[in-house]
Amino acid sequence: MAIKITDECINCGACEPECPNNAIYEGGVEWAIADGTSVKGAFTLMDGSTIDASQRNAPIAVDSYYIVPNKCTECQGFHEEPQCAAVCPVDCCVPDEMYVETVEGLLEKKAHLHI
């Protein structure tokens, strides 16, 4: 399951540099699959749609930091626990119940992001 940032976020930014997949963005900032990954060309999202990895996409949140679920691996293959949650001073990085994934699935996603 991906991690999400709740409304309790104080915009401290502690989480952003900790993400090994560059899945965390400041509110209002556009995102791309290619940001901080080795992905080039077409990339299939979790919903089955395909986008160009370098395509800039609309921010998921405007007023607070956010996590792109298609890039979040809960730090599987990098760390023992999600680093965003480990460093968050207000505990607003929590599992996102909308994106339930197995450890195997998260490791597969990591492999696709970091070829």
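The values are calculated or read from the model by the stated rules, or taken from the named source; none is laboratory data. This structure is a prediction, so every number in the text was calculated from the model and none was measured. Positions of Cβ are generated from backbone atoms using ideal geometry, with glycine treated the same way; all protein chains shown enter the neighbour counts.
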Worksheet item: Residue check, Glu26 against (1) touching a Ser or Thr at 6+ places or on another chain (Cβ under 9 Å); (2) in contact (Cβ under 8 Å) with a residue 60 or more places away in the chain; (3) farther than 19 Å from His112 by Cβ, all met but one. Which one?
Response: (2)
Discussion item. Pairs needed: first member in the stretch 66-77, within 17 Å of Ser49 (Cβ to Cβ); second member anywhere, part of a loop (DSSP other than H, G, I, E, B) and among the aromatic types (Phe, Trp, Tyr); C-beta distance under 6 Å; at least 6 residues apart or different chains.
Written reply: Pro69/Tyr99
Worksheet, complete the sentence: So the strands (runs of 3 or more DSSP E) completely within the stretch 1-83 holding 2 or more residues that are under 22 Å from Met98 (Cβ atoms) and not aliphatic (A, V, I, L, M) are 42-44
Worksheet item: If you check Ala61 against the conditions, is it surrounded by 17 or more Cβ atoms within 10 Å (Cβ to Cβ) and either within 20 Å of Asp7 (Cβ to Cβ) or at pLDDT 95 or above (or both)?
Response: yes
Item to complete: Check the stretch 2-19 and report whether any residue there is at pLDDT below 95 and under 12 Å from the mean Cα position of the chain (by Cα).
Response: yes
Discussion item. Every residue in the stretch 96-112 that is surrounded by 13 or more Cβ atoms within 10 Å (Cβ to Cβ), free of Cβ contacts under 8 Å to residues at least 24 places away in the same chain and farther than 20 Å from Ala34 by Cβ, please.
Written reply: Gly105
Discussion item. One residue is enough: does the stretch 66-83 have a residue meeting the conditions more than 18 Å from Pro17 (Cα to Cα) and more than 14 Å from the chain's Cα centre (by Cα)?
Written reply: no
Worksheet entry | Which listed residue is free of Cβ contacts under 8 Å to residues at least 40 places away in the same chain, more than 25 Å from Glu8 (Cβ to Cβ), among the hydroxyl-bearing types (Ser, Thr, Tyr) and touching a helix residue (DSSP H, G or I) at 6+ places or on another chain (Cβ under 9 Å), from Thr37, Thr44 | Thr44
Worksheet item: For the stretch 37-53, what are the residues that are surrounded by fewer than 17 Cβ atoms within 10 Å (Cβ to Cβ) and within 13 Å of the chain's Cα centre (by Cα)?
Response: Leu45, Met46
Worksheet item: Applying the selection to the stretch 84-115, what residues are assigned to a loop (DSSP other than H, G, I, E, B) and within 12 Å of Met1 (Cα to Cα)?
Response: Asp96, Glu97, Met98, Tyr99, Val100, Glu101, Thr102
